[in-house]
1. From the P(r) of the range A:730-888, can you give the percent of Cα pairs sitting at distances over 18 Å?
2. What distance in nm separates the simple spin-label points at residue A:917 and residue A:621, each placed 7 Å from Cα in the Cβ direction?
3. Can you work out the FRET efficiency for the pair residue A:23 and residue A:595, with r the C-beta to C-beta distance and R0 = 60 Å, to the nearest 0.05?
4. Per-residue counts of other Cβ atoms within 10 Å, averaged by peptide: what ranking do you get for A:906-918, A:343-355, highest first?
5. Taking just the alpha-carbon atoms of the range A:56-124, what radius of gyration and Dmax come out, in angstrom?
6. Residue B:71 to residue B:103: FRET efficiency via 1/(1 + (r/R0)^6), r the Cβ-Cβ distance, R0 60 Å, to the nearest 0.05?
7. Evaluate the distance, in nm, between pseudo-label points positioned 7 Å from the Cα of residue A:311 and of residue A:456 along their respective Cα→Cβ axes.
8. Under the definition of partner shielding as Cβ atoms of other protein chains within 10 Å of a residue Cβ, what is the mean value for peptide A:27-35?
């Protein structure tokens, strides 16, 4: 009750401030007059009575202040006073304010950016119904943790599960063509990707538009609780193979290409020559469980009608079809569902013992878009560590600025203390100043972060062809992220404000008033903390820079690695002409292929053309179990294949000569062998060593694959041979992964009818990239509708994961590191600058006593060099530990790269010394007379 | 004014104010005059310290105030005791009396009693 009363009276006092002041005034005036009247009644003359009353009463203003105190509002008053004073101080020192705000804003901005991405990926629940109970069901097998189920298996789980309310499937995507819509294709210039060193392959679309179409089960939208923007979304009835095919458009496509025309619902669209009815439109940016907005959504039943889909893909238990999602029923925990589905998996294994793709199940929560699993955590930890280091540098920087300023404010603080200011009040005021800086920095850093994110997302979006669909990374302001920024700002404000504030308060009033700031003993004790801050900045900055240098040099090395074949004079042409969407017959494709090779080989500047099932270093890696012919392959269907797996590709006889892969012994294929796909094989040296160490492998026999071996991709049969004769051995190359030589690799003879998508390799006499337009128009002459992807092989190298991770990691950390270097230089600059100002008197004496200018310069620089060198040593030690850790994750990184360590350290010292030298010159210009009169 | 006034003991002004307003609503000056009148001018009260104390007591909810008219038809702020103030006055007065008894007893003690 009493407490409530106090709050009430406090609120009244605060909210009706002016009224309270008026009343207080009236009351005190009344008192004096009434008292004077009382005196007058006892016979004192009126004027004298008033005078005596005033004297008796004492200081009116002091009484008022005490009354305000009694109401508990002086705290608010002083807060506002301190805020006003703090703002005035910040305005008075624009250089200091700008530096501190800039430093912190960078730290906060970068941290907010990182947190936003982290949040979007790992923390924010998916925008679906009941995300907390959403689970994903994956097939597990040896070497596969998040595999896809076949369609019949999915149906079995869906119909038998009792722990999950329903099961929906997402069954991948395909590109479809339509003559009905013309997609406005923007000319995308991915500037950032280009600047980072990635060269995206040229895509010539041909005469048809291709749109991404995603396949989902009929209950998918119901399960995720999606609502249509127009029309309706799928129902389970839509997903039956007898039904007339239907399709749902994405809101993004509807908006950007169809001007949100609601009349589109119910109309017919031809996809790959099949008529589909558009039944509805999803909301804009609706992604369901995907990461990108597709253009079209189709039921899984329509899969055989579109793209590379076949009936088999829905019936064969050996063909992976998709990922399964469901909701846990009320009261069911994740392990319960896992246990139940495991039983179902065992039933399937027992029921279909011949199916190779039998395996286990894994149920995981799909609450968020991604999760930080074991593989991703080092990357996340490294990123968060790097941005945290930047914030540390920023805070140390601002702390040293404040510290330096506290030294120059000693006199002011001394004066205020001697005039009776309370230490608590002074502390409050100093803390408010630093909190103000932090808040202003937070306010600057937040838009900075969103600007960066927006730029990134726009860049990513523009780098993606429109028919791939739109990116829906959420970068809209989030109250949690704003809270995070403000919290960081406040914490850093208090953290960096407290130390200098306490330092400033330890002022001895006497010496402060005498302004003995240049007394040697005191300066030493104070500069120890300042030195420590420089050490922290230099060390943290060095850690960032050294690691970014290691990563960048790693990515450089990836580009310079000799993969063992010619990358500079070879263009990779991927012709996706056999897509069923093109509707070409087998005979026509064969003819087209011949025409193309003829046309291209006639071009000037082209020295050779060959064909292969895959180009080296371009993904699409395929593996097959292999052994000597006495190692028995497992019987059809049952048992595990225990033989090692080898990468393989089908090639034409001139493949090796064209790519410059030397044949070590034996010979290449004959044309005859290639056309008939005879039982011959060419192996790499490593393969020869593995199977026939110390022997001549030529003429030996290899057993490759097994009968009905699992298909690497739907529609592609796996190689199978009981005994292929080794006719040649070729030099080892890096065709699978850039960071290591292929362990086992087979080359099989290619007949031109084998592959559905044709990969041509073209050898040029000059630089391959200069011939891209010529090649493009040659393809157009043969068939204007053929979609083709063109890229010189050395461009493909830049898509190697080793290169990508090193390059992106290196670029990101060098941006952060450059910011850190900038901040650390600001810190050194400020520190040396202030120490020169502080020591003007001392320098004056030294110079009056005959010290040379160079000696004075050396004196000032030596002092700043000590903490810098100390920080360098710590930074190198920490970097060595961290880079060792990174190199275990990123194979191929040299953790002891002397150039990175020495070069970056020297660069940092040089830049930091320069930052110190700039203000140190002022010390040389000190005029002894002026300095001594300064007292 | 009588120069033989006693200075107020620390912490007793609260009690005296509460007592003064318990006899009927008073304005600030009235409180002062009433205490002086009852004490027959033997207590010296710093006029400046009166108002902060009044404000504090009001803040604590022991007294309330309202504007009214003074004897000579002028607007004045009148203070009145609240129920909480009444209880506070009672306990403070009891405490004071007990304390005074104990101290008086100690001061009156003779060597024989110890």
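1. So the portion of pairs separated by more than 18 Å is 79 percent.
2. Once both label points are built, they end up 5.0 nm from each other.
3. Result of the calculation: an efficiency of 0.05.
4. Descending mean neighbour count gives A:906-918, A:343-355.
5. Spelled out, the Cα radius of gyration and Dmax of the range A:56-124 are 22.0, 73 Å.
6. That gives a FRET efficiency of 0.95.
7. Placing both labels 7 Å beyond Cα along the Cβ direction yields 4.9 nm.
8. Mean shielding by partner chains, rounded to a whole number: 6.
Here, each number is a calculation from the coordinates, and none is a lab measurement. All values derive from a computational prediction rather than experimental measurement. Heads up, the Cβs are rebuilt from the backbone with ideal geometry, glycines too, and the neighbour counts pull from every protein chain shown.
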